[in-house]
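A short worksheet on the structure shown next.
The values are calculated or read from the model by the stated rules, or taken from the named source; none is laboratory data. What you see is a predicted model, and the numbers here were worked out from it, not measured in a lab. Note that each Cβ is placed from the backbone with ideal geometry, even for glycine, and that neighbours are counted across all protein chains shown.
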Amino acid sequence: MENKTSQQRTISGFSKLSKRGKIKWIVQNFFKDPEVVAKELKSYWLSNEDQQKIIDGFSENTISNFYLPYGVAPNFKINDETYVIPMVTEESSVVAAVSKAAKFWMSRGGFKAEILGTKKVGQLHFSWNGDVEKLKQVFTELTTQLKTAAQSITANMEKRGGGIQEIELVDFTDVEPNYYQLRCNFETCDSMGANFINSCLESFGQTLIQFIATNPIFSAAEKEVVIIMAILSNYTPECVVRASVECPISDLGQFGEIDAETFAFKFYKAIRIAEIDPYRATTNNKGIFNGIDAVVLATGNDFRAIEAGGHTYAAKDGQYRSLSHCTIEHGIFKFWLDVPLALGTVGGLTSLHPVAKRSLELLGNPSAQNLMEIIGVTGLAQNFAAVRSLVTTGIQKGHMKMHLINILNQLEASEKEIKEAVLYFKDRVVSFSAVREFIQVFREGKHQSHLAY
């Protein structure tokens, strides 16, 4: 490919091009084999044109689709109901790990889940050079006007049992001059509620400006309010689910050469370390989100918002800590996590994405609260599976076995070579170099086949 100057690689009006036009410009200016790349990108378009139009509408400047594996984890017993859980993830061993954990706990009472709260949060940030004590005196009146002015927005949500809950004035002037906020709690029922919350907050902004401008308690110098921004918060410390498992230590069984008591002790210590050491807590919580994110994606929810809120919650006492916890008391092993999950089962991608709709159907078309329970449990199952591996066989044995196929695909192994490699590495340590050496030896005819034909 000839060298392209920066000027040749810039374009005006790209968004106005057709999808084919976008691809043509991209491949001609950035790839060595334009025709090959163009054909490849188009090959990932959905054959169903109506569905493809829906997918294209989710984002801007779309030229193709980016596929991720869609798997399922069976045998989840949650509050005495059995589920098959859909998961979208590209990381090896995640689905296998949660499936193994689900099977393990099914015979030990299954998972329990409970909703600790469903409040979601929005904030109206404003700058005001006035007497805050005066505003506090009339704050009840202001709250009434805020809710009344937003009635056209909240009416339908209130019919479903949701709406505006508490409105609180927060004074930040000790750290930032003239800065205040209205911190508001909302109940959005089965909707994630972002548009609803943001619309309410923008209405609050206009009402606040008018209220202070017209209320006689404020002097002329106090009349001006500057609305900085109105936006929901992805930190929802009162929209939390608790997922847990417990059983007598003796019921945990044997883990290779490790007996139940030793396993319980090592597991407890591993979780305790994650509670006190941020380095370990980060990796521990990443494992939890391996499970959580996969179901959040599969159901068309916002995994970025979920992760942001979860990590903030993990640092709520000033130090980043594990989201999961473990106790051993009176011969009982208990393992649980509390995690904020602001989810929706109606609206947004949950109603538009064809596979997200099937995911919710697979789960029995759950309410938002029920989905919180399912996703919280999946995060706990993934954490249990990971920590169990860490304190028994080590994380790499199982992970690299699952990663073996990826390595073989990178080496462009044939179907026969893949079968031979799976057999060969059944009782051997998997590494990229070891697999590469095996394939080289096999192709040179120096390795004896173990396949029976």
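Numbers at a glance
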| item | result |
| --- | --- |
| Helices (runs of 4 or more DSSP H) within the stretch 325-438 that include 2 or more residues modelled with pLDDT of 95 or more and aliphatic (A, V, I, L, M) | 354-362, 368-391 |
| Lys22, sole failed condition from (1) charged (D, E, K, R); (2) free of Cβ contacts under 8 Å to residues at least 12 places away in the same chain; (3) surrounded by 11 or more Cβ atoms within 10 Å (Cβ to Cβ) | (2) |
| Single residue of Asn75, Asn61 found to be touching a residue at least 24 places away in the same chain (Cβ under 8 Å), surrounded by fewer than 12 Cβ atoms within 10 Å (Cβ to Cβ) and not β-branched (Val, Ile, Thr) | Asn61 |
| In the stretch 153-195, the residues that are farther than 30 Å from Thr299 by Cβ, of a type outside the set (Asp, Glu) and not in a strand (DSSP E or B) | Phe172, Thr173, Val175, Pro177, Asn178 |
| Residue ID - nearest to the chain's Cα centre (by Cα), chosen from residues in the stretch 26-42 that are surrounded by 15 or more Cβ atoms within 10 Å (Cβ to Cβ) and not small (Gly, Ala, Ser) | Leu41 |
| Condition met for Ala260 (free of Cβ contacts under 8 Å to residues at least 60 places away in the same chain, assigned by TED's automatic domain parsing to the domain that holds Gly318 and not aromatic (Phe, Trp, Tyr)) | yes |
| Test result for Asp317, touching a helix residue (DSSP H, G or I) at 6+ places or on another chain (Cβ under 6 Å), within 27 Å of Gly122 (Cα to Cα) and among the acidic types (Asp, Glu) | no |
| Residue match in the stretch 215-236 (condition: without any contact (Cβ under 8 Å) to a residue 24 or more places away in the chain and on the phi > 0 side of the Ramachandran plot) | no |
| The stretch 296-318: number of residues that are out of contact with any Pro (no Cβ under 7 Å at 6 or more places or on another chain), assigned to a helix (DSSP H, G or I) and closer than 19 Å to Ala381 by Cβ | 6 |
| Test: residue in the stretch 262-272 that is assigned to a helix (DSSP H, G or I) and over 21 Å from Phe104 (Cβ atoms) | yes |
| Leading residue by the ranking (farthest from Phe335 (Cα to Cα)) among those in the stretch 226-271 that are more than 24 Å from the chain's Cα centre (by Cα) and among the charged types (D, E, K, R) | Glu257 |
| Hey, Val226 surrounded by fewer than 18 Cβ atoms within 10 Å (Cβ to Cβ) and either modelled with pLDDT under 95 or touching a Ser or Thr at 6+ places or on another chain (Cβ under 9 Å) (or both) or not | yes |
| Verdict on Arg321 being charged (D, E, K, R), part of a helix (DSSP H, G or I) and crowded, with 18+ Cβ neighbours inside 10 Å | no |
| Selected residue [modelled with pLDDT of 95 or more, over 24 Å from the mean Cα position of the chain (by Cα) and loosely packed, with under 13 Cβ neighbours inside 10 Å] from Lys147, Lys159, Lys134 | Lys159 |
| Counted residues, the stretch 68-97 - those being in a strand (DSSP E or B) and hydroxyl-bearing (Ser, Thr, Tyr) | 3 |
| Residues that are under 19 Å from the mean Cα position of the chain (by Cα) and either surrounded by fewer than 16 Cβ atoms within 10 Å (Cβ to Cβ) or part of a helix (DSSP H, G or I) (or both), drawn from the stretch 98-113 | Val98, Ser99 |
| Residues located in the stretch 81-96, provided they are touching a strand residue (DSSP E or B) at 6+ places or on another chain (Cβ under 9 Å) and either farther than 30 Å from Phe186 by Cβ or among the small types (Gly, Ala, Ser) (or both) | Thr82, Val84, Thr89, Val94, Val95, Ala96 |
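Results for (1) at pLDDT below 95; (2) assigned by TED's automatic domain parsing to the domain that holds Gly21; (3) under 19 Å from Leu297 (Cβ atoms), shown as yes or no for each residue.
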| position | (1), (2), (3) |
| --- | --- |
| Asn48 | yes, yes, no |
| Gln51 | yes, yes, yes |
| Ile54 | yes, yes, yes |
| Thr62 | no, yes, yes |
| Asn75 | no, no, no |
| Asp80 | no, no, no |
| Val84 | no, no, yes |
| Val95 | no, no, yes |
